[in-house]
Amino acid sequence: MGIARIIGILLVAGGTLGLIYGGFTYTRDTHSAKLGPLVVQLHERETVYVPVIVSAAALALGALLLLGLRSK
C-alpha cells in the first residue's frame, strides 16, 4: 500500500468524522495547588470546531487520491 493511498484513507476518515461531529473537546489542566495533603486542581474544557468546508475539502481530496490511484 502506497503512501498516497494511506493519506487518501486518512483524509476520507478525517473528513467524514469532521462532518459528523463538527469538532472535538479536550480537557486542559490550567492551575494546581498543593496545600499539605490537600491538592486543588482546575481543569478547563476546550472545544475546537472544525469548519464544514475543511471537512468537505478533506473528504473530496481523499476521494480524489483514492480514485486517482485506482485508474493506474
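Every read-out reported here was derived from the displayed coordinates using simple, explicitly stated rules and does not represent laboratory data. Just so it is clear, the model here is predicted, and its values are computed rather than measured. Note: ideal-geometry Cβ built from the backbone for every residue, glycine included; neighbour counts use all protein chains shown.
Can we say residue 17 is loosely packed, with under 10 Cβ neighbours inside 10 Å and without any contact (Cβ under 8 Å) to a residue 40 or more places away in the chain?
Values: loosely packed, with under 10 Cβ neighbours inside 10 Å: no; without any contact (Cβ under 8 Å) to a residue 40 or more places away in the chain: yes.
Considered against the rule, which asks whether it is loosely packed, with under 10 Cβ neighbours inside 10 Å and without any contact (Cβ under 8 Å) to a residue 40 or more places away in the chain, residue 17 comes out as no.
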| Output for the stretch 31-60, where each listed residue is over 16 Å from the mean Cα position of the chain (by Cα) and surrounded by 10 or more Cβ atoms within 10 Å (Cβ to Cβ) | 32, 41, 42, 43, 44, 60
| Mind checking which residues of the stretch 12-47 are in contact with a strand residue (DSSP E or B) (Cβ under 7 Å, 6 or more places away or on another chain) and within 25 Å of residue 65 (Cβ to Cβ)? | 22, 23, 24
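Suppose the filter is part of a helix (DSSP H, G or I), in contact with a Lys or Arg (Cβ under 8 Å, 6 or more places away or on another chain) and either touching a residue at least 40 places away in the same chain (Cβ under 8 Å) or surrounded by fewer than 11 Cβ atoms within 10 Å (Cβ to Cβ) (or both); does residue 65 pass it? If you could, list the steps in order and put the result at the bottom.
On the way: part of a helix (DSSP H, G or I): yes; in contact with a Lys or Arg (Cβ under 8 Å, 6 or more places away or on another chain): yes; either touching a residue at least 40 places away in the same chain (Cβ under 8 Å) or surrounded by fewer than 11 Cβ atoms within 10 Å (Cβ to Cβ) (or both): yes.
Judged against the criteria, residue 65 is a match.
In the stretch 22-62, how many residues are within 30 Å of residue 2 (Cα to Cα) and not in a strand (DSSP E or B)? Break it down into steps so the answer makes sense when it comes.
The initial filter retains those residues of the stretch 22-62 that are within 30 Å of residue 2 (Cα to Cα), namely 22-24, 50-62.
Still in the running and not in a strand (DSSP E or B): 22, 50-62.
Number of matching residues: 14.
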| said: Looking for something in contact (Cβ under 8 Å) with a residue 12 or more places away in the chain, touching a Ser or Thr at 6+ places or on another chain (Cβ under 7 Å) and among the small types (Gly, Ala, Ser) - is there at least one such residue anywhere in the stretch 23-46? | reply: yes
